[in-house]
Amino acid sequence: MQISTAPRLSVVIPAYNEEMGIEAALTRVAAALEGINGVWQIIVVDDGSSDRTAALVEKLIATIPQLELVQLSRNFGHQNAITAGLAATRGEYTAIMDADLQDPPELLPRFLEEAEGGADVVYGVRKTRRASPIKKTLYWIYYRLLRAISEQPVPLDAGDFCLMSARVVEALNAMPERVRYLRGLRNWVGFRQVGVEYDRPDRHSGGTKYSYYKLFRLAGAGVLSSSRLPLKLSIYLGVGLAALGFLWALRVIYARFAYGVAPQGFSATIVAVLCLGGAQLVAIGVLGQYLSRVLDQVEGRPHYLVSRVVRAETREGE
Ligand code: UDP
Ligand code: MG
(Lines give C-alpha, C1' and ligand atoms only; values in the text may rest on other atoms or scores of the structure.)
(Ligands and ions follow the chains in the order given, each with its own letter.)
Protein backbone atom coordinates (compact mmCIF):
# COMPACT_ATOMS: atom_id res chain seq x y z
CA MET A 1 0.00 0.00 0.00
CA GLN A 2 1.36 3.37 -0.95
CA ILE A 3 0.88 6.05 1.68
CA SER A 4 1.01 9.17 -0.41
CA THR A 5 -0.54 11.70 1.93
CA ALA A 6 0.84 12.23 5.42
CA PRO A 7 -0.78 9.73 7.77
CA ARG A 8 -2.97 11.07 10.52
CA LEU A 9 -1.08 9.07 13.11
CA SER A 10 2.32 7.39 13.19
CA VAL A 11 3.03 5.03 16.06
CA VAL A 12 6.68 4.45 16.94
CA ILE A 13 7.49 1.19 18.72
CA PRO A 14 11.09 0.40 19.73
CA ALA A 15 11.71 -3.33 20.08
CA TYR A 16 14.71 -5.20 21.37
CA ASN A 17 14.55 -8.99 21.48
CA GLU A 18 10.76 -9.06 21.68
CA GLU A 19 10.14 -12.17 19.54
CA MET A 20 7.87 -13.67 22.17
CA GLY A 21 5.29 -10.94 22.14
CA ILE A 22 5.82 -8.70 19.13
CA GLU A 23 3.19 -10.30 16.88
CA ALA A 24 0.50 -10.18 19.55
CA ALA A 25 1.47 -6.61 20.38
CA LEU A 26 1.37 -5.35 16.80
CA THR A 27 -1.92 -7.11 16.09
CA ARG A 28 -3.44 -5.46 19.13
CA VAL A 29 -2.07 -2.04 18.23
CA ALA A 30 -3.43 -2.39 14.68
CA ALA A 31 -6.85 -3.38 16.04
CA ALA A 32 -6.87 -0.40 18.38
CA LEU A 33 -6.04 1.94 15.50
CA GLU A 34 -8.75 0.58 13.19
CA GLY A 35 -11.30 2.92 14.71
CA ILE A 36 -9.43 6.18 14.29
CA ASN A 37 -10.37 8.69 11.72
CA GLY A 38 -7.68 8.70 9.04
CA VAL A 39 -4.64 6.83 7.78
CA TRP A 40 -2.23 5.45 10.33
CA GLN A 41 1.15 3.75 10.27
CA ILE A 42 3.20 1.77 12.75
CA ILE A 43 6.97 2.13 12.71
CA VAL A 44 8.78 -0.63 14.57
CA VAL A 45 12.39 0.18 15.28
CA ASP A 46 14.35 -3.00 15.73
CA ASP A 47 17.10 -1.99 18.11
CA GLY A 48 19.67 -4.58 17.02
CA SER A 49 17.74 -7.59 18.28
CA SER A 50 19.62 -10.86 18.23
CA ASP A 51 16.43 -12.90 18.03
CA ARG A 52 13.73 -13.14 15.36
CA THR A 53 12.04 -9.81 16.15
CA ALA A 54 12.93 -8.17 12.83
CA ALA A 55 12.01 -11.24 10.78
CA LEU A 56 8.63 -11.51 12.50
CA VAL A 57 7.84 -7.85 11.94
CA GLU A 58 8.84 -8.14 8.31
CA LYS A 59 6.52 -11.10 7.88
CA LEU A 60 3.65 -9.22 9.50
CA ILE A 61 3.87 -6.46 6.89
CA ALA A 62 2.01 -8.83 4.55
CA THR A 63 -1.05 -8.76 6.81
CA ILE A 64 -0.62 -5.25 8.24
CA PRO A 65 0.56 -3.12 5.31
CA GLN A 66 0.62 -0.01 7.49
CA LEU A 67 3.57 -1.56 9.26
CA GLU A 68 7.10 -0.37 8.63
CA LEU A 69 10.36 -1.77 9.94
CA VAL A 70 13.41 0.37 10.65
CA GLN A 71 16.29 -1.86 11.58
CA LEU A 72 19.26 -0.36 13.40
CA SER A 73 22.79 -1.57 12.79
CA ARG A 74 23.20 -2.68 16.41
CA ASN A 75 21.67 -2.15 19.85
CA PHE A 76 21.69 1.59 20.50
CA GLY A 77 19.34 1.60 23.48
CA HIS A 78 15.69 2.41 23.95
CA GLN A 79 15.96 6.19 23.78
CA ASN A 80 18.04 6.16 20.61
CA ALA A 81 15.67 3.64 19.03
CA ILE A 82 12.78 6.02 19.70
CA THR A 83 14.86 8.83 18.23
CA ALA A 84 15.32 6.77 15.06
CA GLY A 85 11.58 6.16 14.92
CA LEU A 86 10.74 9.83 15.34
CA ALA A 87 13.02 10.70 12.46
CA ALA A 88 11.13 8.22 10.25
CA THR A 89 7.60 9.41 11.04
CA ARG A 90 5.51 11.40 8.64
CA GLY A 91 2.28 11.65 10.61
CA GLU A 92 0.38 14.73 11.65
CA TYR A 93 0.55 13.12 15.07
CA THR A 94 3.11 10.68 16.41
CA ALA A 95 2.72 8.28 19.30
CA ILE A 96 5.45 6.41 21.16
CA MET A 97 4.81 3.13 22.91
CA ASP A 98 6.69 0.06 24.12
CA ALA A 99 6.58 -3.27 22.34
CA ASP A 100 5.58 -5.25 25.41
CA LEU A 101 1.98 -4.01 25.72
CA GLN A 102 2.74 -2.22 28.97
CA ASP A 103 1.36 0.86 27.26
CA PRO A 104 -2.24 -0.11 26.41
CA PRO A 105 -2.80 0.65 22.69
CA GLU A 106 -6.52 1.12 23.35
CA LEU A 107 -5.59 4.48 24.88
CA LEU A 108 -4.26 5.82 21.58
CA PRO A 109 -7.67 6.95 20.20
CA ARG A 110 -8.23 8.75 23.49
CA PHE A 111 -4.81 10.41 23.22
CA LEU A 112 -5.64 11.45 19.67
CA GLU A 113 -8.90 12.99 20.80
CA GLU A 114 -7.10 15.04 23.43
CA ALA A 115 -4.61 16.19 20.80
CA GLU A 116 -7.35 17.12 18.37
CA GLY A 117 -8.85 19.08 21.25
CA GLY A 118 -5.77 21.29 21.22
CA ALA A 119 -3.03 19.52 23.19
CA ASP A 120 0.39 19.26 21.59
CA VAL A 121 1.58 16.53 23.92
CA VAL A 122 -0.61 13.90 25.55
CA TYR A 123 1.33 11.61 27.86
CA GLY A 124 0.37 8.60 29.93
CA VAL A 125 0.61 8.89 33.69
CA ARG A 126 1.09 5.61 35.54
CA LYS A 127 -1.55 5.54 38.22
CA THR A 128 -0.44 2.09 39.28
CA ARG A 129 2.39 -0.05 38.06
CA ARG A 130 3.33 -3.69 38.41
CA ALA A 131 6.90 -4.10 39.51
CA SER A 132 8.88 -5.46 42.42
CA PRO A 133 8.53 -3.40 45.62
CA ILE A 134 12.17 -2.33 45.30
CA LYS A 135 11.70 -1.06 41.75
CA LYS A 136 8.44 0.64 42.64
CA THR A 137 10.08 2.43 45.55
CA LEU A 138 13.05 3.46 43.43
CA TYR A 139 10.76 4.81 40.69
CA TRP A 140 8.72 6.67 43.30
CA ILE A 141 11.77 8.30 44.88
CA TYR A 142 13.39 9.03 41.53
CA TYR A 143 10.51 10.92 39.95
CA ARG A 144 10.07 13.03 43.08
CA LEU A 145 13.78 13.75 43.31
CA LEU A 146 13.89 14.68 39.65
CA ARG A 147 10.93 16.99 40.12
CA ALA A 148 12.63 18.62 43.10
CA ILE A 149 15.87 19.39 41.28
CA SER A 150 14.60 20.04 37.75
CA GLU A 151 14.80 23.52 36.42
CA GLN A 152 11.44 22.99 34.76
CA PRO A 153 8.49 21.24 36.44
CA VAL A 154 8.50 17.53 35.55
CA PRO A 155 5.22 15.62 35.50
CA LEU A 156 5.29 12.75 37.98
CA ASP A 157 5.20 9.11 36.86
CA ALA A 158 5.09 9.96 33.16
CA GLY A 159 7.12 7.71 30.87
CA ASP A 160 7.71 7.74 27.15
CA PHE A 161 4.17 6.60 26.28
CA CYS A 162 2.68 9.63 24.57
CA LEU A 163 1.22 11.25 21.49
CA MET A 164 2.69 14.44 20.04
CA SER A 165 1.86 16.92 17.34
CA ALA A 166 4.13 17.27 14.31
CA ARG A 167 5.65 20.50 15.58
CA VAL A 168 6.73 18.83 18.82
CA VAL A 169 8.26 15.92 16.89
CA GLU A 170 10.01 18.39 14.64
CA ALA A 171 11.41 20.18 17.68
CA LEU A 172 12.63 16.88 19.16
CA ASN A 173 14.21 15.85 15.87
CA ALA A 174 16.07 19.13 15.77
CA MET A 175 17.58 18.64 19.23
CA PRO A 176 21.22 17.62 18.90
CA GLU A 177 21.56 16.09 22.39
CA ARG A 178 23.60 12.92 22.14
CA VAL A 179 22.37 11.52 25.44
CA ARG A 180 18.64 11.36 24.97
CA TYR A 181 16.17 11.55 27.81
CA LEU A 182 13.13 11.95 25.65
CA ARG A 183 10.49 12.52 28.27
CA GLY A 184 12.65 15.35 29.60
CA LEU A 185 13.16 16.87 26.14
CA ARG A 186 9.45 16.48 25.41
CA ASN A 187 8.64 18.29 28.61
CA TRP A 188 11.12 21.02 27.77
CA VAL A 189 9.37 21.75 24.47
CA GLY A 190 6.34 23.21 26.23
CA PHE A 191 3.06 23.98 24.38
CA ARG A 192 -0.05 22.49 25.92
CA GLN A 193 0.70 19.17 27.59
CA VAL A 194 -1.96 16.90 29.02
CA GLY A 195 -1.52 13.81 31.21
CA VAL A 196 -3.89 10.85 30.96
CA GLU A 197 -3.86 8.41 33.87
CA TYR A 198 -3.78 4.67 33.30
CA ASP A 199 -2.96 1.46 35.11
CA ARG A 200 0.30 0.07 33.82
CA PRO A 201 -0.03 -3.66 33.32
CA ASP A 202 2.69 -6.26 33.44
CA ARG A 203 4.82 -7.12 30.46
CA HIS A 204 2.88 -9.24 27.95
CA SER A 205 5.69 -11.80 27.63
CA GLY A 206 9.41 -12.20 28.10
CA GLY A 207 11.50 -10.31 30.61
CA THR A 208 12.52 -6.68 30.92
CA LYS A 209 15.13 -5.48 28.43
CA TYR A 210 16.22 -2.82 30.87
CA SER A 211 18.90 -4.13 33.21
CA TYR A 212 19.38 -2.24 36.47
CA TYR A 213 22.51 -0.82 34.86
CA LYS A 214 20.56 0.57 31.87
CA LEU A 215 17.86 1.86 34.20
CA PHE A 216 20.38 3.70 36.36
CA ARG A 217 22.01 5.13 33.26
CA LEU A 218 18.66 6.40 32.07
CA ALA A 219 18.00 7.86 35.51
CA GLY A 220 21.40 9.56 35.41
CA ALA A 221 20.71 10.95 31.95
CA GLY A 222 17.44 12.34 33.30
CA VAL A 223 19.16 14.16 36.14
CA LEU A 224 22.03 15.44 34.00
CA SER A 225 19.80 16.75 31.26
CA SER A 226 17.15 18.28 33.51
CA SER A 227 19.27 19.95 36.14
CA ARG A 228 22.58 21.63 36.86
CA LEU A 229 21.94 21.42 40.57
CA PRO A 230 24.45 18.60 41.26
CA LEU A 231 27.19 20.93 40.00
CA LYS A 232 26.09 23.64 42.37
CA LEU A 233 25.73 21.18 45.23
CA SER A 234 29.49 20.65 45.34
CA ILE A 235 29.93 24.38 45.81
CA TYR A 236 27.42 24.39 48.67
CA LEU A 237 29.03 21.32 50.16
CA GLY A 238 32.47 22.87 49.84
CA VAL A 239 31.35 26.10 51.45
CA GLY A 240 29.62 24.19 54.24
CA LEU A 241 32.67 22.05 54.98
CA ALA A 242 35.02 25.02 54.85
CA ALA A 243 32.77 26.88 57.29
CA LEU A 244 32.78 23.87 59.59
CA GLY A 245 36.58 23.72 59.43
CA PHE A 246 36.80 27.42 60.22
CA LEU A 247 34.54 27.07 63.27
CA TRP A 248 36.60 24.13 64.46
CA ALA A 249 39.78 26.20 64.13
CA LEU A 250 38.19 28.99 66.20
CA ARG A 251 37.31 26.49 68.87
CA VAL A 252 40.87 25.13 68.98
CA ILE A 253 42.37 28.62 69.27
CA TYR A 254 39.88 29.55 71.98
CA ALA A 255 40.67 26.41 73.94
CA ARG A 256 44.39 27.10 73.66
CA PHE A 257 44.18 30.60 75.14
CA ALA A 258 41.30 30.21 77.56
CA TYR A 259 42.31 26.89 79.13
CA GLY A 260 45.82 26.36 77.85
CA VAL A 261 44.75 23.12 76.18
CA ALA A 262 47.06 22.20 73.34
CA PRO A 263 45.35 20.89 70.18
CA GLN A 264 44.88 17.18 70.37
CA GLY A 265 42.71 14.71 68.62
CA PHE A 266 44.26 12.39 66.12
CA SER A 267 40.81 11.00 65.38
CA ALA A 268 39.42 14.45 64.62
CA THR A 269 42.14 14.84 61.98
CA ILE A 270 41.31 11.52 60.42
CA VAL A 271 37.60 12.36 60.35
CA ALA A 272 38.31 15.70 58.73
CA VAL A 273 40.61 14.19 56.13
CA LEU A 274 38.12 11.48 55.25
CA CYS A 275 35.16 13.84 55.03
CA LEU A 276 37.02 16.33 52.92
CA GLY A 277 38.58 13.69 50.71
CA GLY A 278 35.20 12.09 50.15
CA ALA A 279 33.49 15.37 49.40
CA GLN A 280 36.21 16.28 46.92
CA LEU A 281 35.99 12.99 45.11
CA VAL A 282 32.20 13.26 44.88
CA ALA A 283 32.52 16.77 43.49
CA ILE A 284 35.07 15.64 40.91
CA GLY A 285 32.81 12.73 40.01
CA VAL A 286 29.86 15.04 39.42
CA LEU A 287 32.06 17.25 37.30
CA GLY A 288 33.18 14.19 35.38
CA GLN A 289 29.61 13.20 34.60
CA TYR A 290 28.82 16.55 33.08
CA LEU A 291 32.16 16.57 31.29
CA SER A 292 31.45 13.18 29.79
CA ARG A 293 28.27 14.62 28.32
CA VAL A 294 30.27 17.43 26.79
CA LEU A 295 32.65 14.85 25.35
CA ASP A 296 29.74 12.86 23.89
CA GLN A 297 28.45 16.01 22.35
CA VAL A 298 31.78 17.16 20.94
CA GLU A 299 32.40 13.81 19.30
CA GLY A 300 29.16 14.42 17.49
CA ARG A 301 28.51 10.83 16.49
CA PRO A 302 25.02 10.03 15.23
CA HIS A 303 22.48 8.71 17.74
CA TYR A 304 21.98 5.53 15.71
CA LEU A 305 22.66 3.96 12.35
CA VAL A 306 19.91 2.45 10.23
CA SER A 307 20.83 -0.72 8.41
CA ARG A 308 17.56 -1.38 6.63
CA VAL A 309 14.05 -0.05 6.15
CA VAL A 310 11.24 -2.35 5.07
CA ARG A 311 7.78 -1.13 4.16
CA ALA A 312 4.98 -2.57 2.10
CA GLU A 313 5.86 -0.88 -1.16
CA THR A 314 9.61 -1.62 -1.02
CA ARG A 315 8.87 -5.28 -0.38
CA GLU A 316 6.74 -5.50 -3.45
CA GLY A 317 8.88 -3.27 -5.61
CA GLU A 318 12.37 -4.58 -4.85
N1 UDP B 1 14.14 -1.54 24.24
C2 UDP B 1 14.93 -1.16 23.17
N3 UDP B 1 16.30 -1.18 23.32
C4 UDP B 1 16.90 -1.56 24.48
C5 UDP B 1 16.07 -1.92 25.58
C6 UDP B 1 14.71 -1.89 25.43
O7 UDP B 1 14.42 -0.80 22.11
O8 UDP B 1 18.12 -1.57 24.53
C9 UDP B 1 12.67 -1.52 24.10
C10 UDP B 1 11.96 -2.78 24.52
O11 UDP B 1 11.87 -3.71 23.46
C12 UDP B 1 10.58 -2.25 24.91
C13 UDP B 1 10.92 -0.87 25.45
O14 UDP B 1 12.19 -0.53 24.94
O15 UDP B 1 9.73 -2.10 23.79
C16 UDP B 1 10.93 -0.83 26.97
O17 UDP B 1 11.77 -1.83 27.46
P18 UDP B 1 11.33 -2.78 28.66
O19 UDP B 1 9.90 -3.12 28.53
O20 UDP B 1 12.28 -3.92 28.72
O21 UDP B 1 11.57 -1.81 29.90
P22 UDP B 1 10.70 -1.77 31.25
O23 UDP B 1 9.26 -1.63 30.82
O24 UDP B 1 10.97 -3.06 31.93
O25 UDP B 1 11.23 -0.58 31.97
MG1 MG C 1 8.29 -2.77 29.55
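The values are calculated or read from the model by the stated rules, or taken from the named source; none is laboratory data. Keep in mind that what you see is a predicted model, and the values were worked out from it rather than measured. All Cβ positions, glycine included, derive from the backbone under ideal geometry; neighbour counts span all protein chains shown. For the accessible areas, the whole protein counts, side chains as well, though only heavy atoms, and no ligand, DNA or RNA atoms are used. Shrake-Rupley method; radii C 1.70, N 1.55, O 1.52, S 1.80 Å.
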*residue 58 accessible area, assembled protein chains, probe 1.4 Å, Å²*: 50
*asked:* What figure, in Å² to the nearest 10, do you get for the accessible area of residue 78 with a 1.4 Å probe and non-protein molecules left out?
replied: 40
*Name the residue farthest towards the positive end of the dipole of the chain from the options 15, 252, 231, assuming +1 on Cβ of Lys and Arg, -1 on Cβ of Asp and Glu, about the Cα centre.*
252
*With the chain treated as a Gaussian network of Cα nodes joined by springs under 10 Å, which of 216, 266, 191 yields the largest mean-square fluctuation?*
266
*Extension gain from residue 199 to residue 307, taking 0.36 nm per residue of separation minus the Cα-Cα distance*: 35.3 nm
_Out-of-range pairs (alpha-carbon distance over 31 Å; input 209/232; 135/232; 127/232)_ = 209/232; 127/232
*Heavy-atom SASA rank of 142, 259, 16 (probe 1.4 Å, accessible area, largest first)*: 259, 16, 142
_With n ≥ 4 as the cut-off for DSSP H runs, can you work out [θ] at 222 nm for the chain, using -39500 (n - 2.57) per run divided by the number of residues, rounded to the nearest 500?_
-16500 deg cm²/dmol
_Residues of segment 215-252 with the amide nitrogen closer than 20 Å to a label point 7 Å from the Cα of residue 284, along Cα-to-Cβ, please._
230-242
*Note down the net charge around residue 151, summing +1 for each Lys or Arg and -1 for each Asp or Glu among other residues with Cβ under 14 Å from its Cβ.*
+3
*Report the paramagnetic label zone for residue 247: residues of segment 268-298 whose backbone N is under 19 Å from a point 7 Å from Cα along the Cα-to-Cβ axis.*
268-277, 279
*Over the heavy atoms of residue 298, what accessible area does a 1.4 Å probe trace out, to the nearest 10 Å²?*
110
_For the chain: Kirkwood Rh in Å [reciprocal of mean 1/r, alpha carbons]_ = 22.1
*Given a Förster distance of 30 angstrom, what is the FRET efficiency for residue 147 paired with residue 267, based on the Cβ-Cβ distance and rounded to 0.05?*
0.15
*Using a Förster distance of 30 Å, how high is the FRET efficiency between residue 192 and residue 31, based on the Cβ-Cβ distance and rounded to 0.05?*
0.55
